[in-house]
Amino acid sequence: MLVIIKKNYDEMSVEGAKMVADLIRRKPNCVIGFATGGTPLGLYKELIRMHKEEGLDFSKITTFNLDEYVGLPPEHSQSYHFFMWENLFKHINVDPRYVHIPQGMAVDIDEFCDWYEERIKYYGGIDLQILGIGANGHIAFNEPGSSLGSRTRIKTLKQETRWDNKRFFESDDDVPQYAITMGVGTIMDSKALLLLASGKGKATAIKATVEGPITALHPATIVQMHRKAFIICDEGAASTLSTEYSGYLS
Ligand code: PGA
């Protein structure tokens, strides 16, 4: 695990984007796992800049997103489909045929989840999975208590997650109750992980992830077992780590 500490959010984002761009230049037909949430937005902005100003070519990449709400159509402003197209895909030359985001409107969700796992395998596995982290240690919608070997599946959202999200919806009842998410095991099968964290609100989660015991009660701690995991945080998120880590290989 390589922990890289940058001064602030912008530097964290640029460092992360460099890693993604290096992979695309080395392997133009690579498979990248994308994440939603506020944290990767700066990284996506930098990728868009690299595309527009430096000609970074996304035309051969394949993408798989971590998760999606059940019951929201792709055009819903709170769906993760909408998020990805608005914040990244429509600004770069990604081929829509190679974009995969879980289908929240799937008729048979279990069948869809199996298909998603098969699809990842079909494309040779994910080369680099981008991850955010929840303050409670969740990765994707794998909340505390998720099996560390889990695969893509439907999950009931925790009440606190629904409360966090309710400001984005017209009424409480509109907040989805379920999501489709890659499992912790699915994420761990990626050839490399790039976990980003910014701000003091993530400091406790990052300390547990880097220095704590591995536990399903804090799913992100499993990244300690990954052979190629990069954690890029800013000084706020790293503020309670007890060791001097920047560029430290553990
Ligand atoms: P955030 O969410 O990037 O909006 O902080 C991260 C997460 O919950 O995984």
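What follows draws every value from the coordinates through simple rules; no lab data is involved. Since the structure is predicted, the reported quantities are computational estimates derived from the model, not experimental observations. Methodologically, a virtual Cβ is constructed for each residue, glycine included, from the backbone with ideal geometry; neighbour enumeration extends over all protein chains shown.
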Across (1) in a loop (DSSP other than H, G, I, E, B); (2) in contact with a His (Cβ under 9 Å, 6 or more places away or on another chain); (3) buried (at least 16 other Cβ atoms within 10 Å of the Cβ); (4) not aromatic (F, W, Y), A238 clears everything bar (2)
Restricting the search to the stretch 163-197, which residues are under 19 Å from the mean Cα position of the chain (by Cα) and without any contact (Cβ under 8 Å) to a residue 24 or more places away in the chain? D164
Pick from the stretch 110-138, criterion hydrophobic (A, V, I, L, M, F, W, C), buried (at least 20 other Cβ atoms within 10 Å of the Cβ) and assigned to a loop (DSSP other than H, G, I, E, B), ranking: farthest from the ligand (Cβ to nearest atom): I126
What is the residue count in the stretch 209-235 for residues that are buried (at least 19 other Cβ atoms within 10 Å of the Cβ) and assigned to a loop (DSSP other than H, G, I, E, B)? 0
Within the stretch 168-186, the residues that are within 13 Å of the ligand (Cβ to nearest atom) and either out of contact with any helix residue (DSSP H, G or I) (no Cβ under 8 Å at 6 or more places or on another chain) or hydroxyl-bearing (S, T, Y) (or both) are F168, A179, T181
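Here is a yes/no grid of residues against (1) among the small types (G, A, S); (2) in a loop (DSSP other than H, G, I, E, B); (3) surrounded by 14 or more Cβ atoms within 10 Å (Cβ to Cβ):
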position	(1), (2), (3)
W163	no, no, no
R167	no, no, no
P176	no, yes, yes
G185	yes, no, yes
L195	no, no, yes
G201	yes, no, no
So L43 clears everything in (1) farther than 25 Å from Q224 by Cβ; (2) assigned to a helix (DSSP H, G or I); (3) within 16 Å of the ligand (Cβ to nearest atom) except one condition, right? Which one? (1)
